[in-house]
Structure formats: C-alpha cells, structure tokens
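FYI, it's all coordinate maths here, none of it is from the lab. For clarity, every value in this text was computed on a predicted model and none was experimentally measured. So basically every Cβ, Gly included, is an ideal-geometry build from the backbone, and we count neighbours across all protein chains shown.
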Amino acid sequence: MPRIAQVCVTVLLAGAACTALSPVSTAATGPAPAAVSTNSTAASTPPAGYVYQAAWITTPEYCESRGKEGITEGRWTAYLCREEYRGGTDIPLLYQVLYVKK
C-alpha cells in the first residue's frame, strides 16, 4: 500500500497562504510528475516597456522598497515587481524580480 503525504498546494503570490491540502502518493508507481520549467520565456520576458533591473531571493516588500527608492532618486519613472522561478535545473528558486521603465 503506498504511503500518502499531505502537500500544501498554493499559488505563490505575495502574502499567499496555503489554500488547500492535497493527498499525494509517495509510491514509485505511475507516471513521473511534470518538471517545472525554470527557463520559460514568459517568466523571463520583461513586460512591454520595462527592462530587467535586478532580482533577489527575498520578500516582495524588499523589491517594492527598491522600486520606490529608484523612483525617488530619479533612476526610473515606474517599476514592477513580480515573482519568478529562476535558477538551476535541480532546484528552481523563487526570486523577486524588479523591472523598470527608464
């Protein structure tokens, strides 16, 4: 009999909490789970009119503070922070990515 684990299923958004518990089999039978693409074009393409500025493994608030700081200092006119999975193929990490309009 396969063991069943409770796994939190959630969309990773700023301030999101665990939305549901889903049973997941830990048995080695059945198809392998789909891999998470860390190099997807949609995730790494800057929004229209914005350019990549920086990325951090931190909280959304930190990204927001850097964006506001840049506007205050006159380095850009607008900013957008979004969460993206980046990193190696083994362990993708969630980054706060700052895009700016110059």
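Under the rule a/c < 1.5 gives rounded, and otherwise a/b versus b/c splits prolate from oblate, where does the range 42-102 land using the Cα gyration tensor?
Values: a/c = 3.09, a/b = 1.64, b/c = 1.88.
Note, shape of the range 42-102 comes out oblate.
Please give the charge dipole size of the range 36-101, origin at the Cα centre, charges +1 on K and R Cβ atoms and -1 on D and E Cβ atoms. Round to the nearest 20 debye.
Numbers: 6 positive and 7 negative charges, 42 e Å.
Charge dipole, the range 36-101, about its Cα centre: 200 debye, nearest 20.
With a sphere of radius 13 Å drawn around the Cβ of residue 71, what net charge do the other residues whose Cβ falls strictly inside it have (Lys, Arg +1; Asp, Glu -1)?
Working: positive: 66, 68, 75, 101, 102; negative: 64, 69, 73.
So the surrounding residues net to +2.
Under a plain spin-label model, where a point goes 7 Å from the Cα along Cα-to-Cβ, how far apart in nm are residue 62 and residue 101?
Simple spin-label model gives 2.7 nm for this pair.
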